[in-house]
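Asker: Pasting a structure below so you can have a look.
Bear in mind that the values in this text are calculations on the coordinates, not laboratory data. Treat the numbers as computed from the prediction; the structure is a model and nothing was measured. All Cβ positions, even for glycine, are placed from backbone atoms using ideal geometry, and neighbour counts span all protein chains on display.
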Amino acid sequence: MNRSIVTGGAGFIGSALVRALLEKGHRVHVIDNLSTGNLDNLEEVADEITVHEVDLRHYDRIARVIEGADQVFHLGALPSVPKSILDPVPSHESNIDGTFNVFRAATEGKAGRVIYAASSSAYGDTEVLPKVETMAPRPKSPYAVQKLVGEYYATAFCGCFGLETVSLRFFNVFGPRQDPTSVYSGVLSIFLTCLIERRSPTIYGDGEQTRDFTYVEDVVELMLKAAHASGVSGRVFNAGNGNRYTLNETWALLQKIEGIDLPAKYGPPRPGDVRHSQADTSAAVQELGHKPRFTFEQGLRLTLDWYRADLERKTVSTKASRG
Ligand code: UD1
């Protein structure tokens, strides 16, 4: 039976991948320090997986788990551009040192291919859209640099030590279970919970910045394809939907879906923020068989339904615990 490791498996993308791997009959080991991930995300599958509550900075402990694995999906990271500017040391240690440890453990433990969750932030502000893998990276924040270093390590480990790697540059992934509770949370998790609770979100800047919002299930599908594609080891691919939406358009669309009129508030732009983001998906389509199944609006509606049901679940359990 295939033994797969998912670092960051308690996060919202990682836990969606864990479910997909279980459906394919894999034996799944999750490595997560639960700093931003949450075991609630794995509640229904808890009996079917092994969770190792370990920090990626502890080489010996993760090496034991990774040794001999058939595949390693490396999603564990400390996310957020603004957080990496405010406090760069923890994200540097997790995202660069932790990533190095994963590649080293996979090499020394003779594991199979490592699929690395890279980031669209590596591009920075480019003059041309959509962004294509052959463009020179221009990272604007510590987070973007850290994620880019991981790609360079992936390619170097492939070339120098024969480790199979594929890096996927994620473009603003969203979907069920994304944690909306921090100011550093992904913008759609914040917008959707504001919508349900009828609160105005804060848009940083003029709201005309664009993002290629990508539904989580499409990214999961692509990771599974990247694990088996031939002739792609050591390479970097965009993992996006191929479209882009302004934040103003997005908030307007959400109001339309709910049939409400609730203007957003505006605040100063965030340092390190990329202005426009859109993936050229040609290489992923041709070489990995990438085929996004969800339009932005379909993904938004599914995620909105999930947050609404989750909120109801939490309200019911709070009432029950109060008796
Ligand atoms: C960046 C990466 C993304 C990565 C993520 C990890 C780019 C283009 N994308 O996302 O691939 O997964 O880091 O953290 O670099 N915003 C608001 N109001 C809010 C929250 C955010 O207006 O309440 C704005 C931000 O200023 C930004 C946009 O929404 O312009 C998206 O922000 P966010 O969801 O945090 O992701 P990125 O920083 O774009």
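Asker: Would any residue of the range 189-228 have its amide N under 20 Å from a label point 7 Å out along Cα→Cβ of Phe161? List them or say none.
Answerer: Counting only backbone N, you get 227.
Asker: Compute the Kirkwood hydrodynamic radius of the chain, taking the inverse of the mean of 1/r over all pairs of distinct Cα atoms, and give it in Å to one decimal.
Answerer: Taking the inverse mean of 1/r over all distinct Cα pairs, the chain comes out at 20.0 Å.
Asker: Normalised by the number of residues in the chain, what is the relative contact order in percent for Cα pairs under 8 Å and 6+ residues apart?
Answerer: Value for the chain: 17 percent.
Asker: While we're on this one: For each of His74, His228, His52, count neighbouring Cβ atoms within 10 Å of the residue's Cβ, then give the residues from fewest to most.
Answerer: Starting with the residue having the fewest Cβ neighbours, the order is His228, His52, His74.
Asker: Starting from the Kirkwood Rh over alpha-carbon pairs, what translational D in µm² s⁻¹ does the range 90-226 have by Stokes-Einstein at 10 °C and 1.306 mPa s?
Answerer: 95 µm²/s
Asker: Please list, or write none, the aspartates and glutamates whose alpha carbon is within less than 14 Å of the alpha carbon of Lys110, excluding same-chain residues fewer than 8 places away.
Answerer: Leaving aside aspartates and glutamates fewer than 8 places away in the same chain, those within reach of Lys110 are Glu67, Asp70, Glu164.
Asker: If the chain between Leu22 and Leu39 were fully stretched, how many nm would it gain, using 0.36 nm times the residue separation less the Cα-Cα distance?
Answerer: Residue separation times 0.36 nm, minus the Cα-Cα distance, leaves 4.5 nm.
Asker: Then there's this: So how do 187-198, 57-68 stack up, highest first, on mean other-Cβ count within 10 Å?
Answerer: 187-198, 57-68
Asker: If you take every residue apart from Gly234 with its C-beta less than 13 Å away from the C-beta of Gly234, what net charge results, scoring Lys and Arg +1 and Asp and Glu -1?
Answerer: It works out to a net charge of -2.
Asker: Report, for the chain, the % of DSSP beta bridges that are antiparallel, rounded to 5.
Answerer: Beta bridges within the chain, antiparallel portion: roughly 5 percent.
Asker: Checking the cross-link filter: which lysines have an alpha carbon closer than 23 Å to that of Lys140, excluding same-chain neighbours under 8 positions apart?
Answerer: Those lysines meeting the cut-off are Lys83, Lys131.
Asker: Mind checking the full-extension length gain between Asp47 and Arg322? Use 0.36 nm per residue of separation minus the Cα-Cα distance, one decimal, nm.
Answerer: Full extension of this stretch gives 96.1 nm more.
Asker: While we're here: With the contact rule set at Cα under 8 Å and sequence spacing of 6 or more, what percent relative contact order holds for the range 19-119?
Answerer: This gives 30 percent for the range 19-119.
Asker: Expressed in nm to one decimal, what extension gain is obtained for the pair Asp305 and Asp261 from 0.36 nm per residue of sequence separation less their Cα-Cα distance?
Answerer: So the chain would gain 13.9 nm between Asp305 and Asp261.
Asker: Tell me the GluC sites (Glu not before Pro) within the range 200-271 that lie in a loop according to DSSP and have at most 13 other beta-carbon atoms within 10 Å.
Answerer: Glu208
Asker: Quick one: net charge of Leu75's neighbours, Cβ under 12 Å, K/R +1, D/E -1?
Answerer: That works out to 0.
Asker: Going by how many other beta carbons lie within 10 Å of each one, how would you line up Ser4, Ser15, Ser282, Ser321, fewest first?
Answerer: Ranking Ser4, Ser15, Ser282, Ser321 by Cβ neighbours within 10 Å, fewest first, gives Ser321, Ser282, Ser4, Ser15.
Asker: Can you pull the one-decimal nm distance between simple spin-label points at His58 and Glu93, each 7 Å off the Cα toward Cβ?
Answerer: Result for the modelled spin labels: 1.3 nm.
Asker: Once a ≥ b ≥ c are taken as the square roots of the eigenvalues of the Cα gyration tensor of the range 1-131, is the result rounded (a/c under 1.5), prolate (a/b larger than b/c) or oblate (a/b not larger than b/c)?
Answerer: prolate
Asker: Around His52, which amide H atoms from residues at least 5 apart in sequence, or from another chain, sit under 5 Å from its own amide H, with H modelled in the peptide plane?
Answerer: Val30, Ile31, Asp32
Asker: Report the rotationally averaged projected area of the range 246-323 based on its alpha-carbon convex hull, in square nanometres.
Answerer: Over all viewing directions, the range 246-323 projects a mean Cα-hull area of 9.2 nm².
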